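Novice: Structure below; questions to follow.
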Amino acid sequence: VNNCSLQLVIQPSSITDKSKPFEFRINKEQPSFHNRLLQHDLEKNYSGKQGDIPWDNTNFGSSSSITFPVLQRTAEEKILNCDRLTLERQKLTVCPVIDGEDHLRLLNFQHNFITRIQNISNLQHLVFLDLYDNQIEEISGLTTLRSLRVLLLGKNRIKKISNLENLKNLDVLDLHGNQITKIENISHLSELRVLNLARNLLTTVENLNGLDSLTELNLRHNQVSAIKDVDTLPHLQRLFLSFNNISSFEDILCLADSSSLSDITLDGNPIAQETWYKHTVLHHMMQLRQLDMKRITEEERRMASIAARKEEERRRESHRQTMLKEKKRLTICNIARQWEIQQNRVALEASLNQDNEPCQINGSAAYVFPEESRSLDTILSSAVQGLSVLESHLVEVEGDTLCLYGAGALECLDRNWSAQTAGMIGTVSFMFIEFDEIVQVLTKVKTKFPNSVHLKFKETNLVALQQFNALAQMARIEQLTVDPQGNPVVGFTLWRYYVLFRLNHLNLQKINGIKVTENDVVLAERLFGLLAFVASSELPQYRVLSLCAESRRKQFHFLLEGKGKKSGMGSEESNDNRRDGGESTTRAMLNYMTKDLHVEKLEEIKERKTFCQTYVENLVKEAADINMKNESLQKLWPQMFIELVRDAVIEIRNKNSCMKLCLQRITDQNQ
């Protein structure tokens, strides 16, 4: 059987020497590469030339049953081919009854229309059975053929491997060109050397345990995408996997553990199109002698080893980058969920002050539960469970951009940044952070990153125009980007002009990617110029004087720096100095007070009001007491005066006694 890389030698016994044994052996010598014909699908005639076994004179008689014909051979045929019988291309639909041929060892039914294996159970000495190219749907009728060594069932309609339990001596099993979807029921075939399952419907290679003698496995033209158990085959030498669905080396990783495998084909698979395919396979399977029917040289092995190491390093780096990206994505998702929970909490707390009506939160209805049933923390506890396993903030430097995710990221501004990194930062992006918290660190941003000229805000709760007043403290802003997501202020029609008006001294170049023109600046001044005047007129005089003094100080500082500079200083430095001293006093009166500061001031005002009220109440109470005492004195005074006069008259009635009493009092006082 040349196309199985095997040599089948059959020596029929003669009439005079019937005791000579039937010789069946597997030739283990590998034929030369150019001379051998390795056709893995076994789609040629296994019986050799048709003339070897003549069949023209074979006669069929009628049996008692109309269904099965009876095979009758002449005595001459039996003498010439006593142990073999060829019935190929006879248009047979059933297996004929073969009587008197118990000594047969080779039986050929190729190219017929047989649908079922039957009527051969009496051929117990049969060694070779060829049923190639028939219409058999099920393996059956082989239970008694315990001596069978070669079973060829290629190009039939078999859907399942079964009924091979008694064929323990089977050496070659050919099932190519069928409809088999699973490898099964062959683990007992410990003597099997060649297994051909090409051109079936297999998707997984499995259940190969027990095939200890298997040397060749043909799985070409299937749908295999995963391989298992191949590394458990101790004598497997040739494995043909061409034209399947293997797409990654992990799918065939178990092959690297096979020490006996020397020849493998993977051409026609998606994996064979990869640039790293050959290098990776050779690096992990150093024992291979041939890959895709091409002999492997030592130079190829050496180059494969080098390339595989480089590819492995690249994969590890790619894997590391992928893991970092995934961790970043999960962290940002976690921060976004915490941000949403925080916003929902604020909305729920606000709704608790109303009449327990359902309120809309981020497009979904959230219902307020009664306080006696569940607290606010209990309502949201289920939403925050499991989030602590991820980071609650993220700091990332991408090129010249510093990205800050979550309020905890603001703490990075307190760390020691290298001069090179800090000087490289030109854009600072804030995401999922309350704007009021950002306001508190703007001075740190200005100090830590002196070259930052672009601020980005996304999901920062910018809801009012006056919040932009806080950006006036920045020394330099050329671009401002406010993402509509999480910043309702962008929905205001005139927000862009207000920014231009309030931050006029910063000389903004772009807002949300749109270039600022002179007409925009003029229009902003017309729209909001009066606002600054109204704001200055409403401020207390001491506050106005303070702002004017601050403005003069900046201008004076600007003049001093201008005198100290050489005449050739750059235009960029001149623009910076102009910004430092360019904020007008009227615009400076438009300030923004954060919620926390506003609450603190409200608390302070409330405390002062309470103190004043208590002080006035005490004064009123004390005055009322005095008035009440005065009124009582006015009522009692006439009677008191009469009693005083009466007591005085009584005391001085006896002059001598009165004088003695007075002298006694004086003496007592002196002592």
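Each value in this text was obtained by applying a stated rule to the coordinates, not by laboratory testing. Since we're looking at a predicted model, the values are computed, not measured. Every residue, glycine among them, receives a Cβ derived from its backbone with ideal geometry; neighbour counts consider all protein chains shown.
Novice: Just to confirm the filter: which chymotrypsin sites (Phe, Trp or Tyr not before Pro) across region 463-521 are DSSP coil and have at most 16 other Cβ within 10 angstrom of their Cβ?
Specialist: Answer in residue order: PHE492.
Novice: Using a 10 Å cut-off on Cβ atoms, rank the peptides 425-438, 138-151, 634-647, 328-341 from the highest mean neighbour count down.
Specialist: Answer by packing, highest mean first, reads 425-438, 138-151, 328-341, 634-647.
Novice: All other residues with a Cβ under 11 Å from the Cβ of GLN72 taken together, and with Lys, Arg as +1 and Asp, Glu as -1, what is their net charge? The partial results should precede the final answer.
Specialist: Details: positive: ARG73, LYS78; negative: GLU77, ASP99, GLU101.
Surrounding charge for GLN72 is -1.
Novice: While we're on this one: Can you give the translational diffusion coefficient of region 207-357 in µm²/s, computed by Stokes-Einstein from the Kirkwood radius over Cα pairs at 4 °C and 1.567 mPa s?
Specialist: Estimated diffusion coefficient is 68 µm²/s.
Novice: Given the peptides 444-453, 164-173, 661-670, arrange them by the average over their residues of other C-beta atoms within 10 Å, most packed first.
Specialist: Result, highest mean first: 164-173, 444-453, 661-670.
Novice: Hey, any idea what Rg/Rh is for region 390-440, computing Rh the Kirkwood way over Cα pairs?
Specialist: Values: Rg = 11.0 Å, Rh = 11.4 Å.
Ratio of gyration radius to Kirkwood radius: 0.96.
Novice: Also, I was wondering about something else. With just the Cα atoms defining each centre, how far is region 619-636 from region 126-170? Give it in Å.
Specialist: 128
Novice: What is the distance in Å between the Cα centres of region 230-245 and region 69-92?
Specialist: Here the answer is 39 Å between Cα centres.
Novice: Then there is this: Kindly state, to the nearest 0.05, the FRET efficiency for GLU398 paired with GLU206, given R0 = 41 Å and r defined as their beta-carbon distance.
Specialist: So the FRET efficiency works out to roughly 0.30.
Novice: Suppose each label sits 7 Å from its Cα in the direction of the beta carbon; what would the THR614-VAL645 distance come out to in nanometres?
Specialist: Once both label points are built, they end up 5.0 nm from each other.
Novice: What Kirkwood Rh does region 597-670 have if only Cα atoms enter the pairwise 1/r average? Answer in Å.
Specialist: In region 597-670 this quantity evaluates to 17.7 Å.
Novice: Listing HIS221, HIS235, HIS176 from the residue with the fewest other Cβ atoms within 10 Å to the one with the most, what is the order?
Specialist: Fewest-to-most Cβ neighbours within 10 Å comes out as HIS235, HIS221, HIS176.
Novice: For region 597-670: lysine pairs with Cα atoms under 26 Å, gap of 8 or more or different chains, count?
Specialist: Number of lysine pairs found: 5.
Novice: Moving to a separate point now. If we sort 519-527, 226-234, 414-422 on the protection proxy, mean other Cβ atoms within 10 Å, highest first, what's the order?
Specialist: 226-234, 519-527, 414-422
Novice: Please list, in chain and number order, the residues 5+ apart from LEU85 or on another chain whose amide H is under 5 Å from its amide H, with Hs placed from the backbone.
Specialist: LEU106, LEU107, ASN108
Novice: For region 462-517 and region 402-417, write down the distance between their C-alpha centroids in whole Å.
Specialist: 22
Novice: Which of LYS160/LYS278; LYS458/LYS515; LYS168/LYS294; LYS160/LYS294; LYS325/LYS515; LYS182/LYS278 have a Cα-Cα distance over 24 Å? Write down the numbers at each step before the final one.
Specialist: Numbers: LYS160/LYS278 35 Å; LYS458/LYS515 20 Å; LYS168/LYS294 35 Å; LYS160/LYS294 34 Å; LYS325/LYS515 33 Å; LYS182/LYS278 29 Å.
Cα-Cα > 24 Å for LYS160/LYS278; LYS168/LYS294; LYS160/LYS294; LYS325/LYS515; LYS182/LYS278; rest within.
Novice: Please turn the phi angles of region 641-658 into ³J(HN,Hα) values with the Karplus equation 6.51 cos²θ - 1.76 cosθ + 1.60 (θ = phi - 60°), one per residue in order, whole Hz, x for glycine and proline.
Specialist: These are the phi-based 3J(HN,Hα) values: 5, 4, 5, 5, 5, 5, 5, 5, 5, 5, 5, 8, 5, 9, 5, 5, 4, 5 Hz.
Novice: From the phi angles alone, apply the Karplus equation (6.51, -1.76, 1.60; θ = phi - 60°) to region 497-513 and give each ³J(HN,Hα) in whole Hz, x where the residue is Gly or Pro.
Specialist: 6, 5, 4, 4, 5, 6, 9, 4, 6, 8, 6, 4, 9, 9, 10, 6, x
Novice: How far apart, in nm, are the 7 Å Cα→Cβ label points at GLU349 and MET323?
Specialist: If labels sit at GLU349 and MET323, their model points lie 4.0 nm apart.
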